[in-house]
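Pasting in a structure now, in structure tokens, and then I'll have a few things to ask.
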Amino acid sequence: MKNQINISILILWFNQLFGLVGLIFIDFNLFSSLSPYSLLLTFFMVIAINNNINLKNFSYLFLIMIVSMSAEIIGVNYGVFFGSYYYGENLGIKVLGVPIIIGLNWVFLTVSCGNISYYFFKNKLIYSIFFGSFLMLLFDIAIEPQSDRLNFWFFKDENLNYNYVTWFILGLVNQYIYLNFNSRKNILFSFHTYFSIILFFIILNISF
């Protein structure tokens, strides 16, 4: 298991470095169009390392995806929750205007942030839920400056307050589900997952 985690961490960082080099130095449009594959790889690694292969664990992760996708679909089609926005073409196949990869992204982000917060607040569930949601919000704040450039999503207004409030609330819901019902948590890989992606977008924001 330890070797599997170490190899996965190397793949994770290579994935981020490959994307950064491609976006900054080679072809921005080409490499931004590869984003769904990068996110899908991250999703599978996070799930494989952090979950026992059984129906119970997967049912909770599926619940997180359904809750998140439902909020996104309502948001995209009715302009509530996150504000008025729509998704671009670089995140792949959509269901009712929302890319499937967005639902998977909510899952692996919930798992990674939940594991990090659990590390700091093992015996205080409420603190762990709130801190995990806060980490998820920071993730969104890091991505937003590049979201339209990457053709991920576009807001029709400049006020992102609704978006940030909804991210935090939805983060609370997802963290509650995950931290209450999933027992296997790999802290090391979660740290690498979260901070490699945050660093990716920090560098991208500086570069553009």
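Within the bounds of the range 180-191, is there any residue that is closer than 28 Å to TYR78 by Cβ and not in a loop (DSSP other than H, G, I, E, B)?
No, because not a single residue in the range 180-191 is closer than 28 Å to TYR78 by Cβ and not in a loop (DSSP other than H, G, I, E, B).
Can you name the residue in the range 136-188 that is out of contact with any strand residue (DSSP E or B) (no Cβ under 9 Å at 6 or more places or on another chain) and among the basic types (Lys, Arg) and is also farthest from SER112 (Cα to Cα) among such residues?
Among residues in the range 136-188 that are out of contact with any strand residue (DSSP E or B) (no Cβ under 9 Å at 6 or more places or on another chain) and among the basic types (Lys, Arg), the one farthest from SER112 (Cα to Cα) is ARG149.
Among the listed residues GLY97, GLY83, which satisfies the condition of being at pLDDT 95 or above and on the phi > 0 side of the Ramachandran plot?
GLY97
Any residue at all in the range 198-207 that is assigned to a helix (DSSP H, G or I), under 29 Å from LEU23 (Cα atoms) and free of Cβ contacts under 8 Å to residues at least 24 places away in the same chain?
Checked the range 198-207: at least one residue is assigned to a helix (DSSP H, G or I), under 29 Å from LEU23 (Cα atoms) and free of Cβ contacts under 8 Å to residues at least 24 places away in the same chain.
Any residue that is of a type outside the set (D, E, K, R), touching a helix residue (DSSP H, G or I) at 6+ places or on another chain (Cβ under 6 Å) and within 25 Å of PHE195 (Cα to Cα) - is there at least one of those in the range 73-81?
Checked the range 73-81: no residue is of a type outside the set (D, E, K, R), touching a helix residue (DSSP H, G or I) at 6+ places or on another chain (Cβ under 6 Å) and within 25 Å of PHE195 (Cα to Cα).
Does at least one position in the range 69-81 carry a residue that is of a type in the set (Ser, Thr, Tyr) and either under 26 Å from LEU12 (Cα atoms) or surrounded by 22 or more Cβ atoms within 10 Å (Cβ to Cβ) (or both)?
No, the range 69-81 contains no residue that is of a type in the set (Ser, Thr, Tyr) and either under 26 Å from LEU12 (Cα atoms) or surrounded by 22 or more Cβ atoms within 10 Å (Cβ to Cβ) (or both).
Now for a separate question. Got a sec? Which of TYR162, TYR194 is under 30 Å from PHE18 (Cβ atoms), surrounded by 17 or more Cβ atoms within 10 Å (Cβ to Cβ) and touching a residue at least 60 places away in the same chain (Cβ under 8 Å)?
Details: TYR162 fails: under 30 Å from PHE18 (Cβ atoms).
Criteria check complete, one pass: TYR194.
Which residues, taken from the range 167-189, are among the polar types (S, T, N, Q) and modelled with pLDDT of 95 or more?
ASN174, GLN175
Could you tell me how many of the residues in the range 1-43 are over 19 Å from the mean Cα position of the chain (by Cα) and surrounded by 18 or more Cβ atoms within 10 Å (Cβ to Cβ)?
Number satisfying all stated conditions: 1.
The values are calculated or read from the model by the stated rules, or taken from the named source; none is laboratory data. Because the structure is predicted, anything quoted here is derived from the model rather than measured. All Cβ positions, glycine included, derive from the backbone under ideal geometry; neighbour counts span all protein chains shown.
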